[in-house]
Structure formats: structure tokens, C-alpha cells
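One structure is given here, and the rest of the page talks about it.
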Amino acid sequence: MEINIEKIEHYMQMLGEMGLQFGVQFLLAIVVYFVGNFIIKRVLSLVGKGLEKKKVEITLHQFLLSILSTLLKAIQIIILASMLGIQTASFIAILGAAGLAIGLALQGSLANFAGGVLILLFRPFKNGDAIKAQGYVGSVEEIQIFNTILKTFDNQRIIIPNGLLSNGCVTNINVNGTRRVDMVFGIGYDDDIAKAKALLRTIIEADERVLKDQAVDIWVGEHGESSVNLFVRPWANAEDYWGIYFDMMEKVKIEFDKAGISIPFPQRDVHMHQK
């Protein structure tokens, strides 16, 4: 059997060239790997400092950094594979198709996740705030990535998806610290309006919880079917709202009775005509 020395030398030369080329690519890939790690750490550090300056909630802070780190490392792996001659187009296409399928299957969860991110970023409310949303009123107990947990004032636990909160109307009841206590008291049409208004002002101003630097408005608000309705508008700290409201309902009734001012109940006059 005759050995073709020229072919062997040719193959050896090809292997050498391929080995040299792969070696250069491998060395470049190593350099890109370490440079990429440095860049990723730097980017994560800058983003982390930015989130700290904006005082982003710690749960969202960690979650966003984790997502960003995973994304950057995935890009790094794809770049390294491409440098080593590995075909990445099919791999990227498969990942894209899988991501689309998962996204369609988890539309509701993704909407809640996006809502949670928006709530934690823009902070329309925070833990401890009293809010009114989706037909419920309660104190925010916990803001999670997918849901917000409320504790109602009668101690029920309500779980509301963040997608609904981020796309719906939310009333933050005590965010401003002070609230106007809106009350309506009806008196009879035969009662003295000026006397009733003076008595209401005396009752309101005697309550230490009512803010003294805000004017107390007392108006004749409407002529009702059975009463003249007086609108009373004092201001108070948010935490004193309901205490003042309920106390005034009782005190005004007691003082009106003492002063002979009636609080009429609904009534109707019926006139009968005989033929």
C-alpha cells in the first residue's frame, strides 16, 4: 500500500491552519468573556445605584437586577458561541418562538407582573396607605410582584391583581396627611337656621382633633324634601377622620335635642279629596 505523503502533508497543513484559527478564536472568546463579565458587573452596579437613588422598593430592585443580569449573560453566551463558529440563528429562533408561546399562555400573569413593576416604580401608594380600589377599601398590607394585598377595616384580607390596579382608578385616601370631613345635618323647615349653624360651629370647634388652621365651612347645602340640609366641612388629620365623623353624628343629635332643633325624618303629606 502506497502512502501519499503529499496528501498527508496537505491534511496536516489544513489541520494546523484550522487549529490556529480555532485557537485564535478561542483566545478572543476568552478575552470577550472576561471583558463581558466586567461590563455586565459595571452595568449592574450603575443600574443598582440608579434604583437606590430613586428609592425603588427592595423586592423590585433585586428582581430587576436579576432579570437584567440574566438577559446580559444570555447575550454574552450567544456572542461567544458565534465567535467559536457555533450557529446561533436556529437557537435564537427557538428561544423567540418559546418566548412567544409562553407570553401568550401567561398573558394575565404578565399583565399583573407589568402592573406590579409600574406600581413599585411610580409608587401611587405604599405599604400602610389606605386606598379605595376595585370596590374595596382597606390598608395596603403588602405589594407583591403580581398582587397587592389589602386588609379591610373589618379585618378581611383582599388580594387584588396588580394589572387591575395599574389600569384602574385608585383613590389613595390618606396620602396627603389631612382630610376634609364632609357631613350633612338636616333641620326642620321651621327651625332657626342661624341658631343651628352657630351650634354646629361650637360643637366642631370644641373638638381638639379638628385642625384650627383650616376654616370650618358651614353652609345651607340644599332644600330637601323633608329638611333644610346644612353641609359641614371641618379639616382633620387623616387618622382622625372617622373618629370625628362618628363622634359628630352623636354629639350633634344630643345638642340639637337640648336646643330644641329638630332633625326631621322623611315624611310625606297625603291630601284626600272627597267627591
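For region 123-135, the candidate set comprises residues that are open to solvent by 20 Å² or more (accessible area, probe 1.4 Å) and in contact with a helix residue (DSSP H, G or I) (Cβ under 9 Å, 6 or more places away or on another chain); within that set, the residue that is farthest from PHE153 (Cα to Cα) is PRO124. Out of region 152-166, which residues are surrounded by 15 or more Cβ atoms within 10 Å (Cβ to Cβ) and without any contact (Cβ under 8 Å) to a residue 40 or more places away in the chain? Listed by number, the residues that qualify are ILE158, ILE160. The test for being at pLDDT 90 or above, closer than 22 Å to PHE63 by Cβ and aliphatic (A, V, I, L, M) does not hold for VAL117. Of the residues making up region 140-154, those that are assigned to a strand (DSSP E or B), over 8 Å from ASN127 (Cα atoms) and not hydrophobic (A, V, I, L, M, F, W, C) number 4.
Figure legend. Inter-residue proximity from region 176-191: first residues more than 27 Å from PHE265 (Cβ to Cβ), second residues of a type in the set (S, T, N, Q), beta-carbon distance below 7 Å, spacing 6+ or different chains. Indicated pairs: GLY177/ASN237; THR178/ASN237.
Checked against (1) farther than 19 Å from LEU120 by Cα; (2) open to solvent by 20 Å² or more (accessible area, probe 1.4 Å); (3) of a type outside the set (A, V, I, L, M); (4) at pLDDT 90 or above, GLY177 passes all but a single condition, namely (4).
Among residues of region 229-259 being touching a residue at least 12 places away in the same chain (Cβ under 8 Å) and over 42 Å from the mean Cα position of the chain (by Cα), the one that is surrounded by the most Cβ atoms within 10 Å (Cβ to Cβ) is PHE256.
Check whether at least one residue in region 19-27 is in a helix (DSSP H, G or I), modelled with pLDDT of 80 or more and open to solvent by less than 60 Å² (accessible area, probe 1.4 Å), and report yes or no. Checked region 19-27: no residue is in a helix (DSSP H, G or I), modelled with pLDDT of 80 or more and open to solvent by less than 60 Å² (accessible area, probe 1.4 Å).
Restricting LYS253, LYS197 to residues that are in contact with a strand residue (DSSP E or B) (Cβ under 6 Å, 6 or more places away or on another chain), assigned to a helix (DSSP H, G or I) and not aromatic (Phe, Trp, Tyr) narrows the list to LYS197.
The values are calculated or read from the model by the stated rules, or taken from the named source; none is laboratory data. What you see is a predicted model; the values in this text were computed from it and never measured. Methodologically, a virtual Cβ is constructed for each residue, glycine included, from the backbone with ideal geometry; neighbour enumeration extends over all protein chains shown. What goes into the accessible areas is simple: the full protein's heavy atoms, side chains included, and nothing from ligands, DNA or RNA. Shrake-Rupley method; radii C 1.70, N 1.55, O 1.52, S 1.80 Å.
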